[in-house]
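*Asks:* Take this structure first; my questions come after.
Each reported figure results from applying straightforward, stated rules to the coordinates on display, with no laboratory input. What you see is a predicted model, and the numbers here were worked out from it, not measured in a lab. Note: ideal-geometry Cβ built from the backbone for every residue, glycine included; neighbour counts use all protein chains shown.
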Amino acid sequence: MSATTTDTRVRGGRPRLSRAAVYVLLSVGLLVMVAPFLWMALSSFKTPRELGASPPVWIPTEWTLANFGKLADLMDVGQAFFNSALVAVFVTACNLLFCSMLGYALAKLNFMGKRPVFAMVLGALMVPDNLMLLPKFVMMSGMDLVDSYAALILPFAAGAFGVFLMRQFIQAVPDELLEAARMDGAREWYIFWRIVLPLVKPALATLTIFTFLGSWNNFLWPLVVTNDPSKYTLPVALATFATDPTQADGSNGVLMAGAFLVVLPVLLVFVVLQRFFTQGIATAGLK
């Protein structure tokens, strides 16, 4: 009887041990991923002496904002930040509008060429972004939009991923609900704006985060399509500053401050939309 009791305890203890092991592994993985960001964030508030200390100092003993002040003196951070914010906000807004509209049409409307259009959306998902760099530049150059905000926004005003994501979520909206609205005299724009969009908020939040993140961190396209420093986005301006030996030499703290400014807006957007984003990811497999 005691042996049976012992076996039961052992079997009953296994899930607890395995759960604890999972928590330990997840905690270690979290620390590995978060450690570089923490080092960058904390280093932006360190003095030059603590930045060069050996062994390294994680938490600064003398918190300072001098790195941010020096960064503002050496480069036009305000203009670069404004450019990045302007482009990211407009690109995100355009994607939310156009991708949801096309996703609604592909999910709920019947029109000639519906299947070929959806096939083209799927095909666009398979094309690497870098492969489209030259065609996009030729188009912007042909329209005389190089070195302008339009060149930074228009090529990314709608994306295949956003169309596919919205189409999959909108497909789950009951057709009976839309038919009832049509029988009451509601037009398609009213149905789309007042009925469908409120039901797919998790998808909109997910698309907002991915689009804002991609636009804010976009480096290669702004580098190619802009020559005027006043049009540089924050990643391009910071990279230009970092590769200039006459300014960035020995300014590790300044570079850390600039990198922290690049990451901060993305974190704020994610914190604001985290609840909807988590719900969207959790329900994506049910669509």
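*Asks:* Would you please give the FRET efficiency between Met112 and Thr64, computed as 1/(1 + (r/R0)^6) with r the Cβ-Cβ distance and R0 = 51 Å, to the nearest 0.05? Spell out each step's value before the answer.
*Replies:* Details: r = 65 Å, r/R0 = 1.27.
Once rounded, the FRET efficiency stands at 0.20.
*Asks:* Further question: Choose one answer from Ala105, Ala80, Ala158: the residue with the largest mean-square fluctuation in a GNM of the chain with alpha-carbon springs under 10 Å.
*Replies:* Among Ala105, Ala80, Ala158, the largest mean-square fluctuation in the Gaussian network model of the chain belongs to Ala105.
*Asks:* Right, next: Going Cα to Cα from Lys70, which lysines come in below 23 Å? Please leave out same-chain ones fewer than 8 positions away.
*Replies:* Lys46, Lys231
*Asks:* Ranked highest first by average number of other Cβ atoms within 10 Å, how do 83-96, 213-226, 55-68 line up?
*Replies:* 83-96, 213-226, 55-68
*Asks:* Taking 0.36 nm per residue of sequence separation and subtracting the Cα-Cα distance, how much length would be gained by fully extending the chain between Arg187 and Met143, in nm to one decimal?
*Replies:* 12.2 nm
*Asks:* Under 8 Å for C-alpha pairs, at least 6 residues apart: give me the relative contact order for the chain, rounded to a whole percent.
*Replies:* Numbers: 260 pairs, mean separation 81.3, N = 287.
Reported as a whole number, the value is 28 percent.
*Asks:* Okay, moving on. In debye, nearest 20: dipole of the stretch 85-207 around its Cα centre with unit charges on the Cβ of K, R (+) and D, E (-)?
*Replies:* Result for the stretch 85-207 is approximately 180 debye, rounded to the nearest 20.
*Asks:* Could you check the spin-label model distance between Phe81 and Val266? Points 7 Å from the Cα along Cα→Cβ, value in nm.
*Replies:* Modelled inter-label distance: 1.8 nm.
*Asks:* Enumerate the helices in the chain for which the Kyte-Doolittle hydropathy averages 0.5 or more and the C-alpha atoms extend at least 15 Å along the helix's axis, using complete DSSP H runs.
*Replies:* Span-like helices, by this rule, are 2-43, 77-108, 114-125, 160-171, 201-217, 252-283.
*Asks:* By a straight-distance test (C-alpha under 21 Å), which lysines pair with Lys201 as possible cross-link partners, with residues fewer than eight away in the same chain excluded?
*Replies:* Correct list for Lys201: Lys108, Lys287.
*Asks:* Also: Compare the Cα positions of Met256, Val121, Val224 along the charge dipole of the chain (+1 at Cβ of Lys, Arg; -1 at Cβ of Asp, Glu; about the Cα centre) and return the one farthest towards the positive end.
*Replies:* It is Val121.
*Asks:* Return P(r) of the stretch 146-274 (all Cα-Cα pairs; 10 Å bins starting at 0; whole %; ordered from short to long distances).
*Replies:* 11, 28, 27, 18, 10, 5, 1
*Asks:* Let me ask another. Which value, in Å to one decimal place, does the Kirkwood hydrodynamic radius take for the stretch 68-286 when every pair of different Cα atoms is included?
*Replies:* Computed over the stretch 68-286, the radius equals 19.3 Å.
*Asks:* Calculate the dipole size of the chain relative to its Cα centre from +1 charges on Lys and Arg beta carbons and -1 charges on Asp and Glu beta carbons; express the result in debye to the nearest 20.
*Replies:* Rounded to the nearest 20 debye, it is 1300 debye.
*Asks:* Follow-up. Normalised by the empirical 2.2 N^0.38 Å for globular proteins, what value does the Cα Rg of the stretch 20-175 take?
*Replies:* In units of the 2.2 N^0.38 Å rule of thumb, it is 1.55.
*Asks:* In addition: Mind checking which of Leu273, Leu131, Leu261 has the largest fluctuation in a GNM of the chain, springs on alpha carbons under 10 Å?
*Replies:* Leu131
*Asks:* Quick one: if you stick a label point 7 Å off each Cα along the C-beta vector at Ala35 and Ala242, how many nm between them?
*Replies:* Using points 7 Å along Cα→Cβ, the separation is 2.0 nm.
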